[in-house]
1. Being in contact (Cβ under 8 Å) with a residue 60 or more places away in the chain and closer than 15 Å to F207 by Cβ is the filter; apply it to region 283-300 and report the residue that is surrounded by the fewest Cβ atoms within 10 Å (Cβ to Cβ).
2. Return yes or no: is Y216 surrounded by 16 or more Cβ atoms within 10 Å (Cβ to Cβ), among the aromatic types (F, W, Y) and closer than 12 Å to P126 by Cα?
3. Can you tell which of S185, S208 is in contact with a strand residue (DSSP E or B) (Cβ under 6 Å, 6 or more places away or on another chain), closer than 19 Å to I257 by Cβ and modelled with pLDDT of 95 or more?
4. Please state which one of V134, V125, V105 is more than 16 Å from the chain's Cα centre (by Cα) and surrounded by 17 or more Cβ atoms within 10 Å (Cβ to Cβ).
5. Determine if region 175-191 includes at least one residue that is in contact (Cβ under 8 Å) with a residue 40 or more places away in the chain, in a strand (DSSP E or B) and within 20 Å of the chain's Cα centre (by Cα).
6. If a residue has to be within 20 Å of E282 (Cβ to Cβ), among the small types (G, A, S) and at pLDDT 95 or above to count, how many in region 213-244 make the cut?
7. Under 23 Å from E247 (Cα atoms) and at pLDDT 95 or above: which single residue out of V53, V105 fits that description?
8. How many residues are within 22 Å of A235 (Cα to Cα) and exposed (fewer than 14 other Cβ atoms within 10 Å of the Cβ) when one looks only at region 147-187?
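The values are calculated or read from the model by the stated rules, or taken from the named source; none is laboratory data. The shown structure was predicted, so the numbers you read here are calculated from the model rather than taken from an experiment. Neighbour counts are summed over all protein chains in view; Cβ atoms, including those assigned to glycine, are modelled from backbone coordinates with ideal geometry.
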Amino acid sequence: MAYQDKKSTRLKGAVLSFIIHLIYYMPSFLVRWISLAFHKLSIIFNSKGCQVVRKNIQMCYPEKNDQQIDQLVKAYATQSACLIHEFATAWLGDKKAVQSKITSVINQQLVDEILASKQPLIVAVPHIGNWEFVWHWLQLNYPAIGMYKPANFKQVDELVLKSRLRFGGKGFAADRRGMMGLLKSLRQGGVMMILPDQQPQEGAGIFSPFFGQTAYTMTLLHKLVAKAEARLLFARCIRKPSDKSFELTLESPTFEIHQTTVENFNQGMNQQIANIINHCPEQYLWSYKRFKHQPEDKGNPYKS
């Protein structure tokens with residue numbers, strides 16, 4: 001990626017990098033308190049961000065009344081307040097600090113059994129709880145691989161990339177050359193992690209149902225499973241009530257992943273992601289504009 005070599009751009013990158021370091025060294029309770037205060041103000045003044053959260057929840061849970069939606073919005077704010085310091089810890093914390101975050105793992109034998117059978121493995125991780133710690137858990141225990149899209153600022157990009165690969169994981173650029181390297185590594189025993197619920201670039205997805213709504217959904221995962229003849233697992237990393245650690249749960253697909261069309265694959269994948277979210281909806285990333293890209297006959301729901 002070619003970064004814009006402007007003084008203002010370099011300054012913004014340096015400031016963001018400094019802020020990340022500052023957050024890491026601040027007490028976690030203080031960062032969480034400040035973040036929660038901003039979230040509460042966002043709710044009080046109904047900011048644009050809060051409107052996106054509320055709209056997503058309304059679309060995904062149409063059966064909820066206004067009071068129930070308000071409760072979920074507030075619960076989401078409480079959980080989201082934890083993310084800032086957690087991300088800083090994931091990017092800057094040492095091995096001991098990172099390892100301490102996941103205190104229980106359910107169904108790890110699913111990973112071990114697939115690797116013992118010498119089959120390629122992809123782990124799909126929705127944006128729930130904290131996905132950064134899933135990546136660290138994988139690279140601390142297995143030959144983890146993943147695709148990497150550079151950040152907008154060089155200083156932040158270098159910080160995040162270095163942090164994500166410092167425990168043995170390998171990152172591949174999200175381009176043709178990177179894809180070839182990733183497939184080769186996957187076939188050689190690498191365990192790939194992918195975030196399946198992010199909206200892909202135009203031309204890299206199809207419209208599939210998600211919580212009963214139309215969502216532009218990636219076709220990449222279906223292609224990777226087919227080309228590598230890979231097995232697939234889903235994972236969720238849920239924050240425990242103490243706000244200090246997580247429980248990681250792995251599960252097998254509830255749908256057929258091989259010898260199926262991309263339409264059927266994506267429908268099954270989105271349904272399983274929805275089921276995962278339903279385990280703990282307050283920890284899902286509702287601030288993401290998941291339904292922004294719509295067919296021509298439908299408008300952007302976030303503009304209404």
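1. So in region 283-300, the residues in contact (Cβ under 8 Å) with a residue 60 or more places away in the chain come out as 283-295, 298.
Those still in the list that are closer than 15 Å to F207 by Cβ too: 290-295, 298.
Values: R290: 25, F291: 22, K292: 14, H293: 18, Q294: 15, P295: 9, K298: 12.
Checking each candidate, the answer is P295.
2. Considered against the rule, which asks whether it is surrounded by 16 or more Cβ atoms within 10 Å (Cβ to Cβ), among the aromatic types (F, W, Y) and closer than 12 Å to P126 by Cα, Y216 comes out as no.
3. Working: S185 fails: closer than 19 Å to I257 by Cβ.
Of S185, S208, the one residue that is in contact with a strand residue (DSSP E or B) (Cβ under 6 Å, 6 or more places away or on another chain), closer than 19 Å to I257 by Cβ and modelled with pLDDT of 95 or more is S208.
4. Only one candidate passes the filter, namely V105.
5. Yes; the residues of region 175-191 include at least one that is in contact (Cβ under 8 Å) with a residue 40 or more places away in the chain, in a strand (DSSP E or B) and within 20 Å of the chain's Cα centre (by Cα).
6. 1
7. On inspection, the qualifying residue turns out to be V105.
8. 2
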